[in-house]
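K.L.:
I have a structure here, written as structure tokens, and I will follow up with some questions on it.
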């Protein structure tokens with residue numbers, strides 16, 4: 001029988017559609033994947049093509065090499081087709097005393113994750129993933145120093161269904177002068193839970209998942225990877241620090257490396273077990289002003305794009321998940 005489940009961190013409901021349940025092999029058997037070369041002369045992100053991109057903001061590169069030349073292994077550049085621009089005012093404008101707007105101020109950056117055109121997080125070696133997570137931290141903390149910005153969204157799109165337009169492995173950061181509404185909603189729910197119970201709702205979720213165990217995918221000393229009780233998409237997976245922390249910006253170098261190991265193992269399993277599915281991953285972190293809050297807890301959400309979002313989801317904001325979280329977790333635990 002289908003089941004309605006509620007996410008305790010947002011109060012949103014999802015449908016676990018057991019009547020339509022799909023096994024892991026059902027998602028991967030019809031996917032046609034294109035073989036990519038390790039280098040593409042027309043790709044602006046490939047080494048040797050640095051002149052095709054805006055000047056880099058930061059790069060981890062070989063000693064003695066110059067900025068905007070070859071010799072890097074991770075590189076951050078401004079997005080050439082930025083959603084927001086770094087110049088402009090922050091004043092609110094009103095039309096007819098009712099509609100509100102402001103200039104599109106922000107910082108939109110691209111993290112070029114590897115010199116290899118055909119790499120992906122599911123195939124990279126551990127050291128490369130460590131470097132990506134560390135450069136996220138460096139750029140997050142740099143952008144947090146700009147008084148115009150309140151929040152940074154860190155995300156990765158992989159595959160056409162996830163919204164990517166370039167094959168070369170990359171992720172993005174967007175700093176904004178506003179806090180997105182769904183993040184504010186998460187914060188408000190977390191604050192409400194903290195006021196009512198005197199504890200972080202995410203810490204409580206960790207405890208419950210560890211107690212139940214059936215949705216846990218991987219546990220290490222520092223991190224827990226699990227398929228949430230109210231997953232909105234098949235094989236949705238969260239990676240969360242076991243020690244309370246509100247912001248990704250405070251992660252230590254050592255813990256970033258330990259996080260890389262967990263992320264690597266999860267992404268390799270998705271890559272091999274589901275035939276390299278399209279996916280998005282996002283780092284859900286607190287706004288800068290709430291960096292030390294006791295009520296919020298940062299995490300990485302990995303959302304494979306295996307189901308089409310249709311009218312019911314758009315009209316109700318209630319998502320239909322055709323793979324029970326317990327089944328997804330059992331699959332991901334195998335050979336991980």
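K.L.:
Out of all the residues in the range 266-294, which are closer than 17 Å to residue 242 by Cβ and crowded, with 19+ Cβ neighbours inside 10 Å?
P.N.:
Residues satisfying the conditions are 266, 283, 284, 285.
K.L.:
Mind checking which residues of the range 104-116 are assigned to a loop (DSSP other than H, G, I, E, B) and either touching a strand residue (DSSP E or B) at 6+ places or on another chain (Cβ under 8 Å) or surrounded by 20 or more Cβ atoms within 10 Å (Cβ to Cβ) (or both)?
P.N.:
104, 106, 113, 114, 115
K.L.:
Sort out which residues of the range 181-206 are within 17 Å of residue 289 (Cβ to Cβ) and loosely packed, with under 14 Cβ neighbours inside 10 Å, and write them in order of number.
P.N.:
Result: 181, 184, 188.
K.L.:
While we're here: Can you find a residue that is at pLDDT below 95 and within 22 Å of the chain's Cα centre (by Cα) anywhere in the range 88-105?
P.N.:
Scanning the range 88-105 turns up no residue that is at pLDDT below 95 and within 22 Å of the chain's Cα centre (by Cα).
K.L.:
Next up: Just checking: which of the strands (runs of 3 or more DSSP E) contained wholly in the range 22-101 hold 1 or more residues that are surrounded by 13 or more Cβ atoms within 10 Å (Cβ to Cβ)?
P.N.:
58-61, 72-78
K.L.:
Can you pull out the residues in the range 207-223 that are free of Cβ contacts under 8 Å to residues at least 60 places away in the same chain, under 17 Å from residue 9 (Cα atoms) and surrounded by 15 or more Cβ atoms within 10 Å (Cβ to Cβ)?
P.N.:
If the condition is that a residue be free of Cβ contacts under 8 Å to residues at least 60 places away in the same chain, under 17 Å from residue 9 (Cα atoms) and surrounded by 15 or more Cβ atoms within 10 Å (Cβ to Cβ), then 209 is the only one that fits.
K.L.:
Might you check whether a residue that is within 24 Å of residue 143 (Cβ to Cβ) and out of contact with any helix residue (DSSP H, G or I) (no Cβ under 8 Å at 6 or more places or on another chain) occurs anywhere in the range 225-233?
P.N.:
No, that holds for no residue.
K.L.:
With the structure loaded, tell me whether residue 66 is at pLDDT 95 or above and within 16 Å of residue 152 (Cβ to Cβ) or whether it fails that test.
P.N.:
It is false that residue 66 is at pLDDT 95 or above and within 16 Å of residue 152 (Cβ to Cβ).
The values are calculated or read from the model by the stated rules, or taken from the named source; none is laboratory data. Everything quoted here is computed from the prediction, not taken from an experiment. Methodologically, a virtual Cβ is constructed for each residue, glycine included, from the backbone with ideal geometry; neighbour enumeration extends over all protein chains shown.
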